[in-house]
Amino acid sequence: MTRHRGNSRVAWCVAALLSLSAGVARAEPSAEQAAAAEALFREGRELVAQGKLAEACPKFAASQRLDPGYGTQWNLADCLERVGRTASAWAAFREAADMASRAGQAEREAKATRRAADLEKKLERLTVAVRAPADGLVVRRNGAVLDAGAWGAPLPVDPGKHRVEATAPGKRPFSAEAQTAGPGNTVTVEIPPLEDDPAAAAAAVAAPQPAGPADPRPDAPPRPAGGGDGDGGASTRRALSFVAGGVGVAGVVTGSIFGLIASARWNRAQDEHCRTETLCDDKGVALVDDARSAAALSNVGFVVGGIGLAAGVALFVTSLDDAEPAAARVVVMPAVGTTGGGLAIQGRF
């Protein structure tokens, strides 16, 4: 039984590696996502025209999450600045400049960089200082975990009040509220050494210790020598598992390579030759066609790879234990798209 659980973990590791390989190609938004992003963008623009900036900013942010683009990012940054969220606007303009730089759009990059530089002079900052961090200390700012690397650093924040909390096992929690002090100023919140919490310590001592797992098969008979079937069937299946696994690996590698090619050509077309996903010049049309052809080959590679790896895993597992062949099951679910593919493997051995 222990070996069966180990084999299951191996199968899940294979699935995780395949997911990482397939995820190299950037997923493009679906037609529905693009349509929703366009509708949200237009709604945001209408709200800006009506002077309803506080309602417009979330529309631009939602549109950008669905279908990222420089224009949407610029409008989001401008909206955030106009509602007084200087730190958020500064970060948004910086991101817009990065997007323009990646697309080779120097004029747009310079424009966004200038706006970010103007805002940087007005930034208000908050420093969270930790005097004596307890084991397992977790610090949160406005409910979000603040990484330990950010402790003691003056970080830009939007103007207003900010809540800082600190918790640790066996300690009493700490919380404080800080108000920013105006453009160019930094406010510091110091977290003192957390006090012991007697109630938490007593509860930990009184908690019953979990018992170790019982042997699920105390009377299981010893396995016969030679792998269980005695006629060479296990050895044959094991050899075939390696062949199938090799085919699977080759398919995954092929799918990954063509997925990268598809992603690169799609990105180049959208960044340099297309105004929208479908409105492109002649060079953009050729690049999009090449990307789709590469994506199709990527999908085929991943499907072949999935079948090969699934067959290899199944053959290998059944060769280990002929006494329980019905207990082993492998399910392969290919995942394909316009710019790449992948697969997931589920197993119970």
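Checked against a 31 Å cut-off, the cross-linked pairs 52/121; 52/161; 52/111; 111/283; 122/171 give Cα-Cα distances beyond that limit for 122/171.
The 1.4 Å probe gives accessible areas that order 191, 307, 261, largest first, as 307, 261, 191.
Taking amide hydrogens as placed 1.01 Å from N in the peptide plane, the amide H of residue 171 sits under 5 Å from those of 197, each at least 5 positions away in sequence or on another chain. Remark on residue 146: its backbone amide H falls under 5 Å from those of 139, 140, 141, a criterion applied only to residues 5 or more positions apart or on other chains, H modelled at 1.01 Å from N. Rounded to the nearest 10 square angstrom, residue 66 shows an accessible area of 60 square angstrom against a 1.4 Å probe. Sorting 107, 120 on solvent-accessible area from highest to lowest, probe radius 1.4 Å, gives 107, 120. Ordered from largest to smallest accessible area (heavy atoms of protein chains, 1.4 Å probe), the residues 236, 127 come out as 236, 127. Packing order of peptides 166-178, 90-102, highest average first: 90-102, 166-178 (average count of other Cβ atoms within 10 Å over each peptide's residues).
The phi-based Karplus calculation (6.51 cos²θ - 1.76 cosθ + 1.60; θ = phi - 60°) puts the 3J(HN,Hα) values of segment 177-189 at 10, 10, 10, 4, 10, x, x, x, 9, 10, 10, 10, 10 Hz, whole numbers, x for Gly and Pro. Computed on segment 35-115, the Cα convex hull volume stands at 79 Å³ per residue.
The values are calculated or read from the model by the stated rules, or taken from the named source; none is laboratory data. All figures in this text were calculated on a predicted structure; none of them were measured in a lab. Here the Cβ is made from the backbone with ideal geometry for all residues, glycine too, and neighbour counts use every protein chain on show. Protein only, heavy atoms only, side chains kept; ligands, DNA and RNA dropped before computing areas. Shrake-Rupley method; radii C 1.70, N 1.55, O 1.52, S 1.80 Å.
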